[in-house]
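Sharing a structure with you now.
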């Protein structure tokens with residue numbers, strides 16, 4: 001069967017679009033779907049950061065059947081009208097359309113055609129954090145080129161992903177000898193120096209206090225990490241936690257020494273994947289490597305529960321590669337309406 005390469009595009013500009021029943025159906029068709037593709041993530045981000053932005057959620061269909069959702073917003077940035085994926089650049093690790101793998105080329109074509117014909121004023125479409133394996137960035141620049149747009153394609157960053165194996169021994173065997181030795185040595189040191197060390201996960205009953213503990217620990221970090229947790233960002237973390245906890249997606253975990261938190265991680269679990277979104281530790285506990293020990297415990301638990309992937313998300317932190325993660329490149333595509341781009 002030959003499919004049409006022209007999809008019908010509708011634009012929705014109100015927040016009811018986050019409740020579209022087809023959203024989860026499309027997610028189920030996408031092998032590269034992730035927690036940042038969910039309507040719940042989009043809604044929480046928009047509730048916190050949507051002020052001063054305009055919502056333009058594109059739905060695409062073929063023969064009255066939903067094929068894709070392309071969630072966009074428009075904002076004025078340095079006097080220019082810029083379109084971006086909902087979720088922003090800094091807080092959403094993966095961005096892109098919600099659609100099946102087989103439909104990505106047609107979705108890119110429909111999106112660029114819409115950019116060409118829409119009456120909506122725009123100067124630039126700035127599409128960040130698109131995972132290279134999804135292939136959408138390549139389709140996007142191909143269609144932009146065909147339609148005569150100026151564009152730039154860059155690899156802007158990487159995330160770090162660990163495919164999980166069947167058991168802990170197999171995981172240890174997959175590490176380099178140095179990394180395997182260091183992980184075992186540091187765990188022995190923690191057990192020797194702090195026999196009372198324990199791991200625990202926040203529950204609905206402890207969430208309030210645990211969020212305060214995580215935010216306080218984060219703000220106590222040195223340099224940019226400590227400055228990152230502004231009141232606005234702390235509120236966003238709080239919103240995410242309260243939205244995801246009832247769904248069973250939130251993982252707020254702690255390594256405690258002497259009954260006090262020494263390290264904490266803020267993450268998610270969904271569809272047999274663990275996402276390590278953020279972390280912090282107490283500087284005075286540095287000699288015990290509490291952050292590495294906590295994340296190692298989470299990897300062990302994910303393996304025991306039969307998870308397929310441990311996603312460390314964006315950032316070049318060394319511990320991710322000590323634990324065996326592999327680079328996943330992310331692309332940024334900028335499409336310019338005018339040939340006189342900045």
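The values are calculated or read from the model by the stated rules, or taken from the named source; none is laboratory data. Predicted model, so just to flag it, every value in this text is computed and none were measured. Quick reminder, even Gly has a Cβ in these numbers, built from the backbone with ideal geometry, and neighbours come from all protein chains shown.
Considering only residues that are in contact with a strand residue (DSSP E or B) (Cβ under 8 Å, 6 or more places away or on another chain) and without any contact (Cβ under 8 Å) to a residue 60 or more places away in the chain, which ones fall in the stretch 166-198? Please lay out each step first, then the result.
Looking only at the stretch 166-198, we keep the residues that are in contact with a strand residue (DSSP E or B) (Cβ under 8 Å, 6 or more places away or on another chain), and these are 194, 196-198.
Once the filter is applied, which keeps residues that are in contact with a strand residue (DSSP E or B) (Cβ under 8 Å, 6 or more places away or on another chain) and without any contact (Cβ under 8 Å) to a residue 60 or more places away in the chain, the stretch 166-198 yields only 198.
Do you know which of the residues in the stretch 263-276 that are touching a residue at least 60 places away in the same chain (Cβ under 8 Å) and not in a loop (DSSP other than H, G, I, E, B) is farthest from residue 243 (Cα to Cα)?
From the stretch 263-276, those touching a residue at least 60 places away in the same chain (Cβ under 8 Å) are 268, 270-271, 273, 275; that's our starting set.
From what is left, the residues that are not in a loop (DSSP other than H, G, I, E, B) are 268, 270, 273, 275.
On the way: 268: 12, 270: 14, 273: 18, 275: 16 Å.
The residue in question is 273.
Suppose we filter the stretch 90-137 for residues that are assigned to a helix (DSSP H, G or I) and under 20 Å from the mean Cα position of the chain (by Cα); how many remain? Reasoning before the result, please.
In the first step, residues of the stretch 90-137 are kept if they are assigned to a helix (DSSP H, G or I); the result is 101-117, 132-134, 136-137.
Adding the requirement that they be under 20 Å from the mean Cα position of the chain (by Cα) leaves 101, 104, 132-134, 136-137.
Matching residues across the stretch 90-137 total 7.
Restricting the search to the stretch 283-342, which residues are in a helix (DSSP H, G or I) and out of contact with any strand residue (DSSP E or B) (no Cβ under 9 Å at 6 or more places or on another chain)? Break it down into steps so the answer makes sense when it comes.
Just the residues of the stretch 283-342 that are in a helix (DSSP H, G or I), to begin with: 283-288, 290-304, 318-322.
Across the stretch 283-342, the qualifying residues are 283, 286, 287, 296, 300, 304, 318, 322.
OK, next. Among the listed residues 144, 137, which satisfies the condition of being surrounded by 22 or more Cβ atoms within 10 Å (Cβ to Cβ), under 21 Å from residue 159 (Cα atoms), assigned by TED's automatic domain parsing to the domain that holds residue 32 and in contact with a strand residue (DSSP E or B) (Cβ under 9 Å, 6 or more places away or on another chain)? Show your work before the answer.
Numbers: 144 fails: under 21 Å from residue 159 (Cα atoms).
Just one listed residue meets the conditions, 137.
Right, another one. Of everything in the stretch 147-165 that's over 22 Å from residue 313 (Cα atoms) and out of contact with any strand residue (DSSP E or B) (no Cβ under 7 Å at 6 or more places or on another chain), which residue is surrounded by the fewest Cβ atoms within 10 Å (Cβ to Cβ)? Talk me through it step by step, then tell me what you get.
In the first step, residues of the stretch 147-165 are kept if they are over 22 Å from residue 313 (Cα atoms); the result is 147-152.
Filter once more, so that each one left must be out of contact with any strand residue (DSSP E or B) (no Cβ under 7 Å at 6 or more places or on another chain): 147-148.
Numbers: 147: 15, 148: 8.
By that ranking, first place goes to 148.
Scanning for something closer than 30 Å to residue 147 by Cα, surrounded by fewer than 21 Cβ atoms within 10 Å (Cβ to Cβ) and modelled with pLDDT of 95 or more, does the stretch 316-324 turn up at least one residue? Don't jump to the end; show me each part of the working.
Applying the first criterion (closer than 30 Å to residue 147 by Cα) to the stretch 316-324 yields none.
Taking every residue of the stretch 316-324 in turn, none turns out to be closer than 30 Å to residue 147 by Cα, surrounded by fewer than 21 Cβ atoms within 10 Å (Cβ to Cβ) and modelled with pLDDT of 95 or more.
For the stretch 180-198, check the following and say yes or no: at least one residue is under 29 Å from the mean Cα position of the chain (by Cα), at pLDDT 95 or above and either in a strand (DSSP E or B) or closer than 30 Å to residue 246 by Cα (or both).
Scanning the stretch 180-198 turns up at least one residue that is under 29 Å from the mean Cα position of the chain (by Cα), at pLDDT 95 or above and either in a strand (DSSP E or B) or closer than 30 Å to residue 246 by Cα (or both).
Also, quick follow-up: Please indicate, with yes or no, whether at least one residue in the stretch 293-308 is under 22 Å from residue 220 (Cβ atoms) and in contact with a helix residue (DSSP H, G or I) (Cβ under 8 Å, 6 or more places away or on another chain).
Among the residues of the stretch 293-308, at least one is under 22 Å from residue 220 (Cβ atoms) and in contact with a helix residue (DSSP H, G or I) (Cβ under 8 Å, 6 or more places away or on another chain), which makes the answer yes.
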